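What follows draws every value from the coordinates through simple rules; no lab data is involved. Predicted model only: the values in this text are computed from it and were never measured. So basically every Cβ, Gly included, is an ideal-geometry build from the backbone, and we count neighbours across all protein chains shown.
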Amino acid sequence: MTLALIAHVTAALGAFLIVGFLGRQLALRIGQPGVVGEIAFGMLLGPAVLGWAWPQAQSVLLPAPVLEQLRDLGHAGLVLFLVGVAHELRLDGARLRDRAIGWTALGTLVPSLLVGAAFGGWLVWYDSPDLRGTAPTLAFVLLLATTMAVSAVPVLARILADRGLTTTRAGRLSITSAALIDAVAWLLLAVAIGIAKPGSGGVSTAATMLVAGVLAATLGRRLLKSSAAERLCARWPWLVAVVLGVCVLQAANVAESWGLTAIFGAFVVGLMVPPDSPHWDAPVRWVSTLGLWLVPVFFVATGLKIWTGSGGIPWLVAILATVLAVLSKIGGGYVFCRLGGEGPTQALRVGVLLNTRGLTEIVLLQAGYSAGLLTSGLYLALLVMAVVTTSMTGPLLSLIDRRQKADAPPALLEDGRVAPG
């Protein structure tokens, strides 16, 4: 790169990071997860307002060479961030033996998959070029089913921590169920993209790569749990973090060259890292945090591309997708959580928590869009769904808490009088 191009990319990078910071701070001030503000500013409001106020802004401020470099940086950030996401999918045997876990995961996965498949089938029947695109029908429907089913483990973990719910029954049920659901969702995403890639071999190639990925993750975890690897990680954590980051980026490139999404390669490396080793927590956290700081660059760069290639948000489709997503997640979670033996308030709280889609949904949408499975219009509609369902979580939890408090029997003092308040 020339010196002028480096300076231009650096200035644009700083501006993108400021946009992400402002969106994150505004979201936190109104009680929302920071990622909601980053998505809203970076992918929805910023590009839309800029395109409306100054249509030539992109060609002047962000010419093609600059935007290409920023997209690469944002994509690398997303891949690095996913290491932490995969590392958070900790499924210990004690939790999985809980009867309610199976019912809850089943109840929020299966109805959402069925509703998403029906939604995809309707779009195929409706056959609007702006929404349907030219993707293979099976891959298209499978991707839409997956986008309805996913829950965001990182955002959910943050919400639980902020509200002091991490060690509660609802917190344990929701985070373990979300981990199970997302594990299935990542596999389905890989299959959908494997089917869609021309000349990739379709389902057979995708299945082969999935098996290879599982074997690589299992073998890699055993190697990284060895005493030699533990000592190296404890003595030089920064060096291990650098090596880990390079391996993640390389795995992402290999996965793409094999006809899958880069996300799959990053996830395999993340699953290799032992989840129960304190020595590995710091390197994973550093790599994931670097990715998290670059994610706003991904949001803005992707948002500019999406808005440039679309005719705006198809609001009726966005509303329909949001309603279906909420009903299938909260409704399915509530019914099946009750079948698992939980009370009505607890079941409703778990359903609301699992309705959080956050950044995980954006990753799936981006993978589908990059693979040609989603049109720009449908991408934006599902992006609205992701933002709305995630932003609903906090207010709905507060409403449940207030209702539970109002329905609780009054506390009595020692003399039998009702305690004030």
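Computed over neighbours whose Cβ is under 12 Å from that of GLY23, the net charge equals +1, Lys and Arg +1, Asp and Glu -1. Of the peptides 15-21, 76-82, the order by per-residue mean of other Cβ atoms within 10 Å, starting with the highest, comes out as 76-82, 15-21. All Cα-Cα separations within region 216-326 were binned at 5 Å from zero, giving a P(r) of 2, 10, 14, 17, 15, 12, 10, 8, 6, 4, 2, 0, each value a whole percent of the pairs. Highest mean packing comes first when the peptides 265-275, 223-233 are listed by Cβ atoms within 10 Å, giving 265-275, 223-233. Ordering 185-196, 285-296 by mean Cβ neighbour count within 10 Å, with the highest value first, yields 185-196, 285-296. Take the convex hull of the alpha carbons in region 316-359; its mean projected area over all directions comes to 3.2 nm².
For the chain, the Kirkwood estimate of the hydrodynamic radius, built from every pair of different alpha carbons, is 22.4 Å. Contact order for the chain, expressed relative to its length and based on alpha carbon pairs under 8 Å spaced 6+ residues apart, stands at 27 percent. As a rough footprinting exposure proxy, the listed residues HIS87, HIS8 were ranked by other beta carbons within 10 Å of their own, and the order from fewest upward is HIS8, HIS87. Comparing THR108, THR176, THR208 in a Gaussian network model of the chain (Cα springs below 10 Å), the most mobile by mean-square fluctuation is THR208.
Calculated [222 nm] ellipticity per residue, helices only, for the chain: -26000 deg cm²/dmol; basis is -39500 (n - 2.57) per DSSP H run with n ≥ 4, divided by all residues, nearest 500.
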